[in-house]
Amino acid sequence: MLKGYLASPLFTIGERYLNKEIAKILRGSVKDLDLYVPQENSDINNKTQHASSMQVAEADLKPLSDSNFVIAVLDGNEIDSGVSAEIGVAHALGIPVIALFSDIRQDGNKNKDKIQALVYDSTESNFAYRNLFTIGLIKLGNGIIVKTLEELEYAVRLMFEANEYADDIKEYIETKRVMLNEEE
C-alpha cells in the first residue's frame, strides 16, 4: 500500500474544494492508496473547536513521516506557510514531493514579449514567483512540479506502479508541454 500526504492550504472554500477534488481523483484512480488529507482530521481541523499548536503538529507529523510521498499545493499569492513547513519536513526525511502549481501566469514562458518586458522592467513580470528555497527542497529531494490535476494523477499513479518514477514523469510532462506550446 502506498501512503501519501496532501500538504495544502485548507481554510477557504476554494482551498477545501481543491483538496477534496485531489483526494477524490487520486483515491478513485490509484488502487490501495492511503492518502492522508489534514482537513479530513476533525480532531484538529474543526475550527469551531480548539486545537493547540502541539496537537496540530503531532496529528500531522505522524502521517507525514509515514508517507511514501507528499503532494504539495503551491497555489496562492505565496506558498502557504504550513505547506512550506511540510515540504521541509518531507525533504529532511527523504520523502519525495509532487508539487501542484497551477497558476496560469506560468504559461507562455517562451513568449518573447513577456520575457522582454521582464528584462526591460522587472515590475512588468507576467510570471508568478515562488520561494526559491522551498522549490529547491522539492527539486533536491527528487521531487517534481506539475501544472494540472491530470499531471498530478499521472505522477501518483506512476509512483505507485514503479519506484523509479521521476525521470518518466518529467519526460511525460515536458513532452506534453512541448506539444501544448507548439499548438499556441
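Among the listed residues 108, 28, 88, which satisfies the condition of being over 15 Å from the mean Cα position of the chain (by Cα) and either among the acidic types (Asp, Glu) or within 30 Å of residue 161 (Cβ to Cβ) (or both)?
Working: 108 fails: either among the acidic types (Asp, Glu) or within 30 Å of residue 161 (Cβ to Cβ) (or both); 88 fails: over 15 Å from the mean Cα position of the chain (by Cα).
After ruling out the rest, the residue left standing is 28.
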Enumeration of residues in the range 37-73 that are in contact with an Asp or Glu (Cβ under 8 Å, 6 or more places away or on another chain) and not acidic (Asp, Glu): 38, 41, 44, 51, 55, 59, 64, 70, 72, 73
Qualifying residue in the range 147-160 (condition: farther than 20 Å from residue 38 by Cα, of a type outside the set (Lys, Arg), modelled with pLDDT of 85 or more and touching a strand residue (DSSP E or B) at 6+ places or on another chain (Cβ under 7 Å)): yes
Odd one out for residue 22, checked against (1) more than 17 Å from the chain's Cα centre (by Cα); (2) aliphatic (A, V, I, L, M); (3) surrounded by 18 or more Cβ atoms within 10 Å (Cβ to Cβ): (1)
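The values are calculated or read from the model by the stated rules, or taken from the named source; none is laboratory data. Since this is a predicted model, take the numbers as computed values, not measurements. When we count neighbours, we look across all protein chains shown, and the Cβ atoms used for this are built from the backbone with ideal geometry, even at glycine.
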